[in-house]
Every structure is written in structure tokens, then in C-alpha cells.
1. Compute the accessible area per residue over the chain, keeping the other protein chains in place, probe 1.4 Å, unit Å².
2. Dipole of the stretch 1-106, Cα-centred, from +1 at each Lys and Arg C-beta and -1 at each Asp and Glu C-beta, to the nearest 20 debye?
3. HN-Hα J couplings of the stretch 12-26 from phi, Karplus 6.51/-1.76/1.60, θ = phi - 60°, integer Hz, Gly and Pro as x?
4. For the stretch 113-135 and the stretch 20-89, compute the distance between their C-alpha centroids and round to whole Å.
5. How would Asp24, Asp73 rank on accessible area, largest to smallest, probe 1.4 Å?
6. When the Karplus curve 6.51 cos²θ - 1.76 cosθ + 1.60 is applied with θ = phi - 60°, which whole-Hz ³J(HN,Hα) does each residue of the stretch 70-80 get, with x for Gly and Pro?
7. Below 8 Å between Cα atoms, with a sequence gap of 6+, how large is the relative contact order for the chain in percent?
8. For Phe89 and Ser120, compute 0.36 nm times the residue count separating them, minus their Cα-Cα distance, and round to one decimal in nm.
Amino acid sequence: MKRIEGNLSAAGQKIGIVASRFNDFIVNRLIGGAEDCFVRHGGNSEDLTLTFVPGAFEIPLVALKMAESGKYDAVVCLGAVIRGATPHFDMVANESAKGIAAASLRSGVPVTNGILTTDSIEQAIERAGTKAGNKGADAMISAIEIVNVVKGL
Ligand code: INI
């Protein structure tokens with residue numbers, strides 16, 4: 001049986017990152033986790049390009065544009081949608097996730113989802129570099145792996 005698996009080497013990869021300013025206290029930790037992950041897996045931080053958008057709702061369009069530009073092997077999306085008291089929560093969370101999947105399929109370029117969707121700020125902090133890991137690093141390692149999978153197809 002032939003097996004195709006992606007290794008976790010980021011050497012030579014160029015990655016676009018789209019990050020939202022909304023909840024920037026959290027999102028800045030996700031950006032840091034993503035960059036740290038990329039460098040620790042052999043990538044050069046100069047091969048990362050970071051674009052900011054207002055909120056998670058705006059991430060898919062910019063992710064699609066970056067993916068279609070031909071400049072990046074993958075695009076990593078970072079944001080934080082926190083339920084709190086906002087009636088916006090379900091709409092923003094659902095539309096950003098659907099839009100990210102659509103951006104990947106439409107462009108043919110891997111686009112990974114590092115958008116936290118949590119019920120509280122505490123849960124977001126836990127997933128932004130404290131006791132439950134860092135969702136930005138998770139989205140970056142997925143991007144590194146899937147780029148290498150796609151190269152092997
Ligand atoms: N954007 C987020 O990134 N996180 C949120 O938690 C959030 N909430 O809760 O409202 C949020 N809303 C803004 C949205 O992403 C758009 O920027 C806005 O609706 C303008 O299109």
C-alpha cells in the first residue's frame with residue numbers, strides 16, 4: 001500500500017495569516033503561538049505575512065484573496081468569537097467557519113481555521129497559550145502538515 005503523509009517541516013514554506021482585531025488581547029496570543037510554531041518547525045518568520053481585518057466575519061474574504069494571490073502555500077485564520085452577551089455570536093461563528101472552508105475549496109489552497117469560539121473570556125484565555133494549549137499554534141501545525149500532504153499527492 002502506498003501511503004501519503006505530510007511531515008511537520010515548515011522549511012521553505014510561505015504562509016499568509018489573517019487575524020482579526022476584535023478581541024485582540026486573545027488574538028495577539030494566537031498570532032504569537034502561530035509564529036512560534038512556524039519557526040520551531042524550521043520556517044523563517046520572514047516568510048510569514050500577517051493581514052489584519054476588523055472581526056472574524058471579515059476573515060474569509062481576505063483569506064480567499066490571499067489564497068488566490070499565488071504567494072502563499074497556505075493561509076492561517078486567527079480570531080476569537082466569544083459568546084458573552086452578544087446576539088451576534090452564532091452568526092459570526094458560523095459564517096466565519098463556513099467562509100474559511102469555502103475559501104480553501106474555491107482557491108485550492110489550504111486555509112486552516114484558528115478561530116476560537118468560546119462561551120467566555122476565561123475559556124478563550126485557556127486556549128490562547130495557557131492550560132488548554134494555543135489554537136493559533138494548532139492552526140499553524142495543521143497548515144504546515146497539509147501543505148506537505150498536498151505536495152505529496
Ligand atoms: N467579531 C469577532 O471577531 N469576535 C466576536 O466575538 C464578535 N462579536 O461577538 O460580535 C465579532 N463581531 C464583529 C464581526 O466579526 C464583524 O466585524 C462586524 O459584524 C462587522 O461586519
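The values are calculated or read from the model by the stated rules, or taken from the named source; none is laboratory data. As the structure is a prediction and not an experimental result, all values here were calculated from the model. Here the Cβ is made from the backbone with ideal geometry for all residues, glycine too, and neighbour counts use every protein chain on show. The accessibility values were calculated without ligands, DNA or RNA, using every heavy atom of the protein model including side chains. Shrake-Rupley method; radii C 1.70, N 1.55, O 1.52, S 1.80 Å.
1. Spelled out: the 1.4 Å probe surface of the chain, per residue, equals 53 Å².
2. Working: 11 positive and 11 negative charges, 51 e Å.
The dipole magnitude comes to about 240 debye.
3. Result, ordered by residue: x, 6, 10, 10, x, 10, 10, 10, 8, 7, 4, 6, 5, 4, 7 Hz.
4. When both Cα centres are located, 14 Å separates them.
5. Asp24, Asp73
6. Result, rounded to whole Hz: x, 8, 10, 6, 7, 10, 10, 9, 10, x, 9.
7. On the way: 326 pairs, mean separation 50.8, N = 153.
Relative CO of the chain lands at 33 percent.
8. Values: separation 31, 0.36 × 31 = 11.16 nm, distance 1.14 nm.
Length gained, Phe89 through Ser120: 10.0 nm.
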